[in-house]
Amino acid sequence: MKYGYFDDAAREYIIVRPDTPLPWINYLGCEEYFGLISNTAGGYSFYKDARLRRLTRYRYNNSPLDVGGRYLYLRDNKSGSYWSPSWMPTRTKLDEYECRHGQGYTIITSKFNGIKSSTRYFVPLGESLEIWQVTLTNESRAVSDLSLFSAIEFCLWDANDDSTNFQRNYSIGQVEIVDDVIYHKTEYRERRDHFAYFACSEKLAGFDTQREAFLGNYHGWNQPQVVETGASSNSEAHGWQPIGSHHVKVHLKAGEQKQIIFILGYHENPKDDKFDPPTSQIVNKKSVKPIIEKYLQPANADKAFNSLHDYWTTLLGKFQVTTPDTHTNRMVNIWNAYQCMVTFNMSRSASYFESGIGRGMGFRDSNQDLLGFVHMIPERARERILDLSATQLKNGGAFHQYQPLTKRGNNDVGSGFNDDPAWLVLGVAAYIKESGDWSILDVPVQYENEAGSEMPLYEHLQRSLQYTLDRLGPNRLPLIGRADWNDCLNLNCFSDTPGQSFQTTTNKDGKVAESIFIAGLFVLACQEMAGIAKYKNDKAEGNKVQKAAAEMEKTVWASGWDGDWFRRAYDNFGHVLGSKENTEGRIFIEPQGICIMAGLGVENGNAVKALDSVAEHLATPHGIILQQPAFSQYYLHLGEISSYPPGYKENAGIFCHTNPWIMIAESIVGRGDKAFDYYKRINPSAREEISELHKCEPYVYAQMIAGKDAPTHGEAKNSWLTGTAAWNYAAITQYILGIRPGFDGLEVKPVIPSGWSDFEVVRSYRGVRYEISVKRAGAGNAVSLEVDGKSISGTIISLPKKETSTVRVKAVIR
Ligand code: GLC
Ligand code: GLC
């Protein structure tokens, strides 16, 4: 069953009924000001950091699930009836409803009793504000006398404090209402130099800034007293819960239309110029006023929207494909790329499953998110790499997270995830392959955000790899530390007390438990480093990493191969995990993916063996499961992985992030049909028809789909913020379609399904437009290339001369 449909020409997903199985959300903003918005206008906004600069309040895990947002109420002043044009929170049955989610904007349109309302929400590029452009049309035959109320609830900035420290917070809320603009200035009187504002293009009939004055005691958002009575109370908040609500009277003749604009924004003043007059406590509004005036004009709002639209046309235009498969085209050309931007911006901080409080920018997550984003705006990937590496520890390890506002490593989660540093090498390699910007290696970067500790980024990469070599276990495999990619495989944790964090508790000294996953990742990272060292003419480093990789491979064959698949780990007692010797957790997906991506077993046939084992033991129609058999009970020595009921999350869920590794591995061994089959199984667009089971948005990947041991097999959770976005983008574009950036040029080496006769790609690469057409002339994977009419040998197209703007490539597969 579907709840909407794709409009690929408009690059939108259109939801046609408001009661989706879960809130189906979108993101506003793509630079510094962000908002989450659901299909019923729920959600919240923040500046840079969802924890430290939250503008509006949102209560997670509420009932109904999604209450609180960018609400509007319309009231028919003749009859006294009122409704929400976004359905929530009044849930009045609307005569028409439609929500269009696009790239960085959402438009909610509905009709009730002849009044059509359409609201376009977006954030203009370069600004720290959001616009709600409301168009009301009287489609009835009678004159209408309407009241329009806006409503948001301010958050007192620090979202964690805001939802816990009530003894203080109930006393500090402050606002100003000047010239019909509502200013939220809690804590501005002391150490903050920022405030929020909420403005409306119309003369107001009234306003409210105190929540209970607006709602009425014991009323909910579905039944505000002010809306019921049709009269604002002009309340001024003193403590308690500051809100912003405007009241506008709208008279529309039959057929008449009117546009009303609201803007909600964030503004900073210089520390020494906060007040006006300077001796007062009144917010200095000189620099914010022109911004407010500008965007309250419809022409300027339209212009800003068109720029946003063009911006996305350019970004998405960097990779466009036409294949025989609609789901592939739409995900690659629109939604998967868009999701990659969102995961790049948010890491795992703010979604409807991530509170914006618990997690900042993850070290391993952000390095992987780069992989799907770097071709769109390489400069921003560069900045991210430098921010991340500045949080690297001197011993080569990493703070697991940093806060986007401060850009400092975050001690809450600490460090000791032994895979972290290797991902930096992969991130940097991807950036250089895309941009050709080798200069990044020479940029001096701090360690542990400490002034004076700067070393070239190249040195950071060396320390990253050395970190693994300094931590080898009894089998000479890498020690796992707190965990590797699988946060829940906590082999040193031994947590027996409720409430202890699996992420930070460690009871064993960690000198025994080893990870075959890190071994594979290390080999892969060494290969990238060898490519980098070669360019640097650093033979010593090149030899060192090649030797280290070769040795690690030998170790994997000696202790990490189980006969039919790669093993997963050795625990604190030196017992193997992910082996036929185990009764539960016999086979894991991660080492199969990463080891084959690193080339292990490709020559000797073991890669194919491992992949056949994946097909036999882990593949389901809904995607590939993380491990089997599921852990049936809590095992002290395994940690969080066994804390989940079977079939969920890391305990045998379909952890989608890992599926593209298998797609890539299948491509590497030349099995295009298998690779594409796996691709299709978790492609959200291809799952649209089963939305009532899948539950999450059909336009973005979710982190997890319940596995076959779960009673809800096929049900997705944790949509949007997942490494699945970047890795699927890499799997389909770079391996299946085979358009792969390299240090020396663009490679074209597709491994496509046997049924595809052709496809076309337009790809911007290092400032050149590559127009690539691929035809199948035989059943194999051998590729011959003709570049601008001349055939070349191999599959890598060397970089064209400086003045070249377009390169035409013809590929034939035999
Ligand atoms: C989550 C984390 C990621 C981790 C994965 C597996 O997605 O963000 O860092 O690798 O879970 O545990
Ligand atoms: C839990 C989740 C895992 C996530 C981690 C982040 O362990 O199962 O997916 O990566 O929390 O803190």
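Each reported figure results from applying straightforward, stated rules to the coordinates on display, with no laboratory input. If you're wondering where the values come from, they're calculated on a predicted model, not measured in any experiment. We place every Cβ from the backbone using ideal geometry, glycine too, and count neighbours over all the protein chains shown.
Bin width 10 Å, alpha-carbon pairs only: give the P(r) of the range 184-274 as whole percents, running from 0 to the bin holding the largest distance. Cα pair-distance distribution for the range 184-274, in percent: 14, 36, 32, 14, 3, 0. Roughly how many Å is it from the Cα centre of the range 601-621 to that of the range 297-326, as a whole number? One Cα centre to the other: 41 Å.
With an a/c value of 1.5 or above and a/b larger than b/c for the gyration tensor axes a ≥ b ≥ c computed over the alpha-carbon atoms, the range 1-152 is described as prolate.
For the range 713-781, just say rounded, prolate or oblate: build the C-alpha gyration tensor, square-root its eigenvalues into a ≥ b ≥ c, call rounded for a/c under 1.5, and beyond that prolate if a/b exceeds b/c, oblate if not. It comes out oblate by the Cα gyration axes.
How many percent of all Cα-Cα pairs in the chain sit more than 41 Å apart?
Every Cα pair in the chain considered, those over 41 Å come to 36 percent.
Percent of Cα-Cα pairs more than 20 Å apart in the range 592-721, please. In whole percent, the share of Cα-Cα pairs in the range 592-721 beyond 20 Å is 45.
Neighbour counting of Cβ atoms within 10 Å sorts the residues Ser515, Ser150, Ser559, fewest neighbours leading, into Ser559, Ser150, Ser515.
In the structure shown, do any of Lys511/Lys580; Lys407/Lys544; Lys508/Lys580 have a Cα-Cα gap over 29 Å, and if so which? In this structure, Lys407/Lys544 exceed 29 Å between Cα atoms. Since only Pro645, Gly738, Phe759 are under comparison, the one whose Cα sits farthest along the positive direction of the charge dipole of the range 636-760, derived from C-beta charges on Lys, Arg, Asp and Glu, is Pro645. Dividing the Cα radius of gyration of the range 332-472 by 2.2 N^0.38 Å, with N the residue count, gives 1.00.
Counting other C-beta atoms within 10 Å, and keeping those with at most 13, which DSSP coil chymotrypsin sites (Phe, Trp or Tyr not before Pro) do you find in the range 565-603? Within the range 565-603, the qualifying chymotrypsin sites (Phe, Trp or Tyr not before Pro) (loop, at most 13 other Cβ atoms within 10 Å) are Phe573.
When the chain is described by a simple charge dipole with +1 on each Lys and Arg Cβ and -1 on each Asp and Glu Cβ, the residue from Asn217, Cys526, Ser118 located farthest towards its positive end is Ser118.
Which whole-number percentage describes the relative contact order of the range 397-500, with Cα contacts under 8 Å and a sequence gap of 6 or more?
Averaging sequence separation for qualifying contacts and normalising by length gives 25 percent for the range 397-500.
What separates the Cα centres of the range 1-31 and the range 654-678 is a distance of 27 Å. Tell me, how many Å apart are the Cα centres for the range 578-592 and for the range 43-71? Each part's Cα centre sits 41 Å from the other's.
Where nothing but the Cβ of Lys and Arg (+1) and of Asp and Glu (-1) is charged, how large is the charge dipole of the range 544-621 around its Cα centre, in debye to the nearest 20?
With only Lys, Arg, Asp and Glu charged at Cβ, the dipole is about 260 debye.
Calculated mean residue ellipticity at 222 nm for the chain: -7500 deg cm²/dmol, from DSSP H runs with n ≥ 4 weighted as -39500 (n - 2.57), summed, divided by the residue count and rounded to 500.
When DSSP beta bridges are restricted to pairs lying wholly in the chain, around 95% turn out antiparallel.
Could you grab the relative contact order for the range 663-814? Cα pairs under 8 Å, six or more apart, rounded to a whole percent. Value for the range 663-814: 18 percent. Taking GluC sites (Glu not before Pro) across the range 705-814, the ones in a DSSP loop with at most 16 further Cβ atoms lying within 10 angstrom of their Cβ are Glu803. For the range 501-642, rounded, prolate or oblate, judged on the Cα gyration tensor with a ≥ b ≥ c (square roots of eigenvalues), a/c < 1.5 rounded, else prolate if a/b > b/c? It is oblate, given that a/c is not under 1.5 and a/b is not larger than b/c. Between Asn507 and Tyr60, the simple spin-label model (points 7 angstrom out along Cα→Cβ) gives 2.7 nm. Ranking Tyr47, Cys488, Thr135 by how far each Cα lies toward the positive end of the dipole of the chain (charges on Cβ) leaves Thr135 at the top. Looking at the range 471-524, the trypsin sites (Lys or Arg not before Pro) that sit in a DSSP loop and have at most 16 other Cβ atoms within 10 Å of their own Cβ are Arg476, Lys508, Lys511.
With +1 on each Lys and Arg Cβ and -1 on each Asp and Glu Cβ, how big is the dipole of the range 306-444 about its Cα centre, in debye rounded to the nearest 20? Write down the numbers at each step before the final one.
Details: 12 positive and 14 negative charges, 26 e Å.
Roughly 120 debye for the range 306-444.
Placing +1 on the Cβ of every Lys and Arg and -1 on the Cβ of every Asp and Glu, with nothing else charged, gives the chain a dipole about its Cα centre of roughly 940 debye.
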